[in-house]
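*Asks:* Below is one structure. I have some questions about it.
The values are calculated or read from the model by the stated rules, or taken from the named source; none is laboratory data. Computed from a predicted structure; not experimentally measured. Every residue, glycine as well, gets a Cβ built from its backbone with ideal geometry; the counts of neighbours run over all protein chains shown. Keep in mind that these areas ignore ligands, DNA and RNA; they rest on the heavy atoms of the full protein, side chains included. Shrake-Rupley method; radii C 1.70, N 1.55, O 1.52, S 1.80 Å.
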Amino acid sequence: MSTAAGEPAGGAASRRAELAASLQALRGRIAAACAAAGRPSGEVTLIAVTKTFPVSDIELLADLGVLDIGENKDQEAAPKAARCAADDVPVTWHFVGSVQVNKAASVSSYAHVVHSVDRLRLVLALGRRASAAGRTVTCLVQVSLDGDPGRGGAAIGEVPAVAEAIAGQDGLLLGGVMAIAPQPMPPASAFGRLREVAEQVRSAYPAATMISAGMSGDLEEAIAKGATHVRVGTALLGGRRPFVR
Ligand SMILES: *Cc1c(COP(=O)(O)O)cnc(C)c1O
C-alpha cells in the first residue's frame, strides 16, 4: 500500500480507515443477503476472525463496534485475550479452530464460545476446566458435512450424542452448531444440510439456536440457509501473513 509522504506506512489512522471501509462493505453484503432471505439483519452476528493479525487490529475493530472476535489457535488467542483484558477491551472471544484436549484448560479460561466441539473427550475436558474456573462456556457442535474426519467435525450421525453431552455437562451450555462448507460441495447444499442438522438439535434443545456458518467467500449462501453467526477474516482484515507478535 502506498502512503502519503511523511505518513508512517501501516499507521494506526490509515489502518483504522482501511478496516472501517471493509467493515462498511461487509455490513452491506450481510444486509443484502439478509434482505434477499427475508431476514432482519439483526439476526446475523458478524465474528471478525483475526488470526495472524495483531491485537492492535482487534482494538481498532472494537472501536468500530465489532466486539465478537474469532481465533483458531490457542497459542495466539491466549495472549491476545490477555492483552485485551488488560486494556479493558470488552471482547467476546469465539474459538473457531480445532481444540486439542491438552489446550482445554487454556481455551476455557478465556473463550466465551467454542465453535469446534466435535467429540466426547473434548466435552469432558472443556466442561471440567470451565467449571473449575467458575466459568460457563457456550459450545457449538462442529458438524462434518461430508463425513471426512480429517477436517474436524462430528459426523452427522454423531451430532446428537455430542449435543447431549454438552447439554449435560457442568460448565458448558449448548449453543447450536457450526460448519465449514467442505470443498467441492457447493456451499448452498452444504449449508442446507447444516440447517437440517441444526433443526434436529434445536427440536431437542430449544435454546440451541446458533448456526455458525459462512466465511468471506460464502456468507451469502450461509445467510440464505439460516446462519446466525458468520465468521469473516479476509474480507474484513485483508490477506493473512505469518503472525508476528
Ligand atoms: C480463518 C477462518 C475463518 C475466516 O476465513 P476467511 O475466508 O478469511 O473469511 C472462518 N472460520 C474458520 C474456522 C477459520 O479458521
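*Asks:* Running a GNM on the chain with Cα contacts under 10 Å, which residue among Gly233, Gly157, Gly175 ends up with the highest mean-square fluctuation?
*Replies:* Gly157
*Asks:* Amide H of Ala155: which non-local residues (sequence gap of 5 or more, or other chain) have their own amide H closer than 5 Å, using H built in the peptide plane?
*Replies:* Long-range HN contacts for Ala155: Ser144.
*Asks:* Please give the length that would be gained between Arg29 and Lys73 if that part of the chain were fully extended, namely 0.36 nm times their separation in residues minus their C-alpha to C-alpha distance (nm, one decimal).
*Replies:* 13.1 nm
*Asks:* Return the long-range amide H neighbours of Val117 (sequence gap of 5 or more, or a different chain), with a cut-off of under 5 Å between placed amide H atoms.
*Replies:* Close amide H contacts, sequence-distant or interchain: Leu140, Gln142.
*Asks:* Something else: Using only Cα atoms, find the angle between the long axis of helix 187-204 and the longest principal axis of the chain, and express it within 0 to 90 degrees, rounded to the nearest 10.
*Replies:* 50 degrees
*Asks:* Using the per-residue mean of other Cβ atoms lying within 10 Å as a proxy for protection, in what order, highest first, do the peptides 185-195, 45-55 fall?
*Replies:* Per-residue Cβ counts within 10 Å, averaged per peptide and sorted highest first, yield 45-55, 185-195.
*Asks:* Using a probe radius of 1.4 Å on heavy atoms only, what accessible surface per residue do you get for the chain? Whole Å² is fine.
*Replies:* Accessible area per residue, the chain: 46 Å².
*Asks:* Between the range 123-162 and the range 184-244, what's the alpha-carbon centroid distance in Å?
*Replies:* 16 Å
*Asks:* Something else: Please list, or write none, the lysines whose alpha carbon is within less than 16 Å of the alpha carbon of Lys51, excluding same-chain residues fewer than 8 places away.
*Replies:* Lys73, Lys80
*Asks:* Expressed as a whole percentage, what fraction of the accessible surface of the chain belongs to carbon and sulfur atoms when a 1.4 Å probe is rolled over the protein heavy atoms?
*Replies:* Answer for the chain is 53 percent, counting heavy atoms of protein chains only.
*Asks:* For the chain, set up a GNM with springs between Cα atoms under 10 Å and report which of Leu64, Leu19, Leu140 has the largest fluctuation.
*Replies:* Greatest mean-square fluctuation among the candidates belongs to Leu64.
*Asks:* Here's something else I'd like to know. Using a Gaussian network for the chain with springs between C-alpha atoms less than 10 Å apart, which of these wobbles most: Gly150, Gly28, Gly127?
*Replies:* Gly150
*Asks:* For a quick size check, give me the Cα extents of the range 1-115 along its three principal axes, largest first, whole Å.
*Replies:* Computed over the Cα atoms, the extents are 47, 46, 23 Å.
*Asks:* So, one more: Explain nothing, just the number: dipole magnitude of the range 1-128 about its Cα centre with +1 on each Lys and Arg Cβ and -1 on each Asp and Glu Cβ, in debye rounded to the nearest 20. Write out the running numbers ahead of the final one.
*Replies:* Numbers: 13 positive and 13 negative charges, 99 e Å.
So the dipole magnitude of the range 1-128 works out to roughly 480 debye.
*Asks:* Still on this model: With charges only on Cβ, +1 for K and R and -1 for D and E, what is the dipole size of the range 53-138 about its Cα centre, in debye, rounded to 20?
*Replies:* In total the dipole reaches around 660 debye.
*Asks:* In whole Hz, what ³J(HN,Hα) sequence does the range 22-35 give by Karplus (6.51, -1.76, 1.60; θ = phi - 60°), x for Gly and Pro?
*Replies:* 6, 5, 5, 5, 5, 4, x, 4, 5, 5, 5, 5, 5, 4
*Asks:* Sticking with this one: Dividing the convex hull volume of the Cα atoms of the chain by its residue count, what figure in Å³ per residue is obtained? Please report the intermediate quantities before stating the final value.
*Replies:* Working: hull volume 31.7 nm³, N = 245.
In the chain, the Cα hull volume divided by residue count equals 129 Å³.
*Asks:* Rounded, prolate or oblate: which one fits the range 128-189, using the alpha carbon gyration tensor with axes a ≥ b ≥ c (rounded when a/c is under 1.5, else prolate when a/b beats b/c, else oblate)?
*Replies:* Details: a/c = 2.80, a/b = 2.47, b/c = 1.13.
It comes out prolate by the Cα gyration axes.
*Asks:* I would also like to ask the following. Suppose every K and R has +1 on its Cβ and every D and E has -1 on its Cβ; what is the size of the dipole of the chain about the Cα centre, in Debye to the nearest 20?
*Replies:* Dipole size: approximately 320 debye.
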